[in-house]
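Working notes, structure below.
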Amino acid sequence: MKLWIDGREVQALPGQTLLEIVQEMGLCTGKLSSEPLVAKIAGEVFSLNYIPLRHKDVLPDRESKRKAMQASGGKIRLLRYSDAAGRAAWTRTAQFVLFLALHELWRGARATMRCTLGSALYIKVSGISDFSVDMLRERVADIVSRNIPLTFRRIPTEQAIALYRERGQTDKARLLSYRSYPTLDVYEYGDFADYYYGEMAPSTAYLRVWEIHPTADGFVFVFPDAANPDVVAPYREMENYYHVYSEGIEWGNLMGCRTVADLNEMVDSGSVRELIRVNEALHEKRFSQVADMICARGARAVMLAGPSSSGKTTSANRLATQLRVHGKKPILMSLDDYYVDRDKIAPGPDGKLDLEHINTIDTELFGVHLRALLAGETVELPSFNFKSGKREWRGHKLQLDADSVIIIEGLHALNPVMLPKDLAPDAVFKLFVCPLLPLNLDLHNRIPSSYLRLLRRIVRDFEGRGASVSRTLSMWDSVRAGEAKWIFPYQDQADVIFNSSTLYELSVLKKHIFPLLVAVEPDDEYYEEVRAIVKVLNFIHAADVDDEIPPTSLVREFIGGNSFYRK
């Protein structure tokens with residue numbers, strides 16, 4: 001059978017795995033930077049343990065083709081750590097190895113995925129008194145050296161539920177009870193069984209680059225460096241970020257909503273409405289606390305930053321409302337109005353404009369204006385015309401009085417180059433807004449905050465701009481790359497990190513987004529990305545409770561009905 005792997009023509013023999021083929025091609029280099037991890041075939045991601053031509057496909061009178069091979073015409077693209085799907089497969093492999101190591105060392109341990117801390121994954125361990133990071137590190141290295149093949153066994157979902165209940169993994173059994181598919185692919189080794197909602201690397205031996213550091217109640221697993229996957233990423237503690245995430249966990253405990261199964265039960269019983277009320281009250285309380293801090297400091301300006309779809313606009317408006325309670329006169333400004341004219345921006349090496357680069361902002365002009373405003377001078381502010389791609393001057397003049405507070409929102413708001421060096425430290429308050437979702441699928445599988453932000457953006461782009469799912473997905477990798485370079489490195493400089501997630505919104509977003517996702521056809525370029533989104537949403541019950549969501553809610557920024565957008 002002829003295949004075209006990364007454009008090279010090869011011959012596949014019956015029963016031969018993709019891994020065996022790429023080994024014969026000399027592509028298994030032993031270096032994570034170049035090692036194939038999974039493969040994309042006809043828009044879907046497959047393990048390298050996939051067999052393109054099975055023995056039963058070869059008959060005396062004809063040769064049949066598997067569905068994926070038929071659809072792709074034999075064309076296969078190998079994915080590496082530099083590809084998002086490749087990194088996801090490597091991460092799932094790491095999860096399997098970590099939880100297998102914990103299982104082998106401490107059968108009574110309760111390990112829970114918490115959050116990502118930069119380039120590290122934080123896992124809490126409880127239920128045992130003799131936990132040792134040194135022992136864990138040695139066992140992980142041992143499992144990697146065993147080169148355990150990672151192949152799944154497809155079993156009926158009901159059997160999987162019974163299996164997990166028998167082994168005390170009730171969180172996973174509860175989640176699977178909401179699964180609509182009749183079967184589940186289970187990865188096993190000895191008496192350990194788990195599932196991570198997607199493909200993994202061919203074996204444990206692919207986990208060559210990693211490190212483990214202890215924490216007060218568990219450990220962090222450090223990933224390879226994104227820029228150089230052959231070395232471990234630098235690790236730094238992120239106490240501010242971790243504190244805010246831990247606060248989100250406490251909110252989940254307070255409301256009895258820690259996993260998707262908990263959320264589904266609330267949707268089914270109708271108590272999700274109370275969840276909405278409490279979650280919105282907690283947000284309002286937090287905005288009030290931030291306003292208190294700004295006023296106590298005597299800050300005259302707030303620099304507000306956050307990644308895409310974090311709810312920056314609504315956060316700025318809600319903060320402004322709370323500042324008015326203090327008798328302040330908040331003024332909203334956007335760094336977008338300080339964009340450099342598009343024809344003055346030099347294109348990158350690829351010939352395209354990087355509109356998220358700090359050089360697209362006239363930082364010098366902004367600094368001059370901010371200094372003048374805080375000194376009580378009158379300043380004419382620019383406006384950026386996105387249609388013409390040019391800055392305009394429309395006679396918009398501003399002068400602050402004694403009670404004025406400027407709230408300046410923008411991608412680069414926390415970048416140090418935005419602020420004049422001679423400003424008094426207390427003059428500016430720095431706020432970072434990001435949805436740090438504390439909701440897990442089950443104890444071993446978290447829902448990344450980036451997943452929630454992507455759902456928000458898909459819904460908002462469709463509802464507000466008429467953009468298709470594929471259009472939004474086509475920009476997402478570039479958005480994430482810009483965030484990694486220009487936003488997240490400065491989040492620790494914030495005075496406050498505001499968690500803009502809500503525990504209920506996945507059930508609300510599903511109602512808005514699911515019809516859009518299922519309409520994407522298999523021949524769409526982003527079909528696999530859509531499948532990955534749907535895999536999670538399949539476990540979540542949709543909630544028709546938009547009438548319960550306040551018009552000032554952060555969620556309204558994405559599903560519509562936000563009162564701050566009304567003229």
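Has segment 510-526 got at least one residue that is aromatic (F, W, Y) and buried (at least 17 other Cβ atoms within 10 Å of the Cβ)? Within segment 510-526, one or more residues are aromatic (F, W, Y) and buried (at least 17 other Cβ atoms within 10 Å of the Cβ).
The condition (being on the phi < 0 side of the Ramachandran plot and not in a helix (DSSP H, G or I)) is satisfied by just one residue among L19, L32: L32.
The set of residues in segment 540-554 being within 12 Å of N279 (Cα to Cα) and either of a type in the set (V, I, T) or at pLDDT below 95 (or both) consists of I549 alone.
Counting residues in segment 32-49 that are open to solvent by 20 Å² or more (accessible area, probe 1.4 Å) and without any contact (Cβ under 8 Å) to a residue 40 or more places away in the chain gives zero. Among residues belonging to segment 347-365 that are closer than 30 Å to A299 by Cβ, within 31 Å of the chain's Cα centre (by Cα) and of a type in the set (A, V, I, L, M, F, W, C), point out the one that is surrounded by the fewest Cβ atoms within 10 Å (Cβ to Cβ). Filtering first and then ranking leaves L355. Inspect segment 150-162 for any residue being at pLDDT below 90 and closer than 28 Å to S449 by Cα and give the result as yes or no. Yes, the conditions are met somewhere in segment 150-162.
Annotation: R154 fulfils all but one of (1) more than 23 Å from the chain's Cα centre (by Cα); (2) assigned to a loop (DSSP other than H, G, I, E, B); (3) basic (K, R); the unmet one is (2). Within segment 170-180, the residues that satisfy the criterion of being of a type outside the set (K, R) and either touching an Asp or Glu at 6+ places or on another chain (Cβ under 7 Å) or buried (at least 19 other Cβ atoms within 10 Å of the Cβ) (or both) are D171, A173, L175, L176. Take the residues in segment 315-336 that are aliphatic (A, V, I, L, M) and open to solvent by 30 Å² or more (accessible area, probe 1.4 Å); name whichever of them is nearest to S404 (Cα to Cα). Checking each candidate, the answer is I331.
Would a scan of segment 314-321 turn up a residue that is in contact with a helix residue (DSSP H, G or I) (Cβ under 7 Å, 6 or more places away or on another chain) and without any contact (Cβ under 8 Å) to a residue 60 or more places away in the chain? The answer is no; no qualifying residue exists. Residues that are farther than 21 Å from D477 by Cβ, of a type in the set (A, V, I, L, M, F, W, C) and in a helix (DSSP H, G or I) within segment 69-108 comprise M69, A71, A94, F96, V97, L98, F99, L100, A101, L102, L105, listed in sequence order.
The rows are residues; the columns are (1) touching a residue at least 12 places away in the same chain (Cβ under 8 Å); (2) polar (S, T, N, Q); (3) buried (at least 21 other Cβ atoms within 10 Å of the Cβ); (4) on the phi > 0 side of the Ramachandran plot.
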position	(1), (2), (3), (4)
G198	yes, no, no, yes
Y241	yes, no, yes, no
I249	yes, no, no, no
C257	yes, no, yes, no
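Evaluate segment 312-329: report whether one residue or more is closer than 14 Å to L431 by Cβ, among the basic types (K, R) and in contact with an Asp or Glu (Cβ under 6 Å, 6 or more places away or on another chain). The answer is yes, given that some residue of segment 312-329 is closer than 14 Å to L431 by Cβ, among the basic types (K, R) and in contact with an Asp or Glu (Cβ under 6 Å, 6 or more places away or on another chain). All of A89, A84, A141, A94 fail the test of being under 30 Å from I21 (Cα atoms) and at pLDDT below 90, apart from A84. Pairs linking a residue in segment 200-227 that is at positive phi and open to solvent by 40 Å² or more (accessible area, probe 1.4 Å) to a residue that is at pLDDT below 95 and of a type in the set (D, E), with Cβ atoms under 8 Å and 6 or more positions apart or on different chains, do not occur. Among residues of segment 93-121 that are in contact (Cβ under 8 Å) with a residue 40 or more places away in the chain and small (G, A, S), those with a Cβ under 7 angstrom from a residue that is open to solvent by less than 20 Å² (accessible area, probe 1.4 Å) and in a helix (DSSP H, G or I), sequence gap 6+ or separate chain, pair up as A101/L136; A101/V140; A101/I143; A111/F99; A111/L102.
Taken over segment 537-556, residues that are open to solvent by 20 Å² or more (accessible area, probe 1.4 Å) and not in a loop (DSSP other than H, G, I, E, B) amount to 4. Does V459 qualify as being in contact with a His (Cβ under 7 Å, 6 or more places away or on another chain) and either surrounded by 14 or more Cβ atoms within 10 Å (Cβ to Cβ) or within 30 Å of Q289 (Cα to Cα) (or both)? Judged against the criteria, V459 is a match.
The values are calculated or read from the model by the stated rules, or taken from the named source; none is laboratory data. Because the structure is predicted, anything quoted here is derived from the model rather than measured. A quick note on method: Cβ atoms are made from the backbone with ideal geometry, for glycine too, and the neighbour counts reach across all protein chains shown. SASA here: full protein model, heavy atoms, side chains in, ligands and nucleic acids out. Shrake-Rupley method; radii C 1.70, N 1.55, O 1.52, S 1.80 Å.
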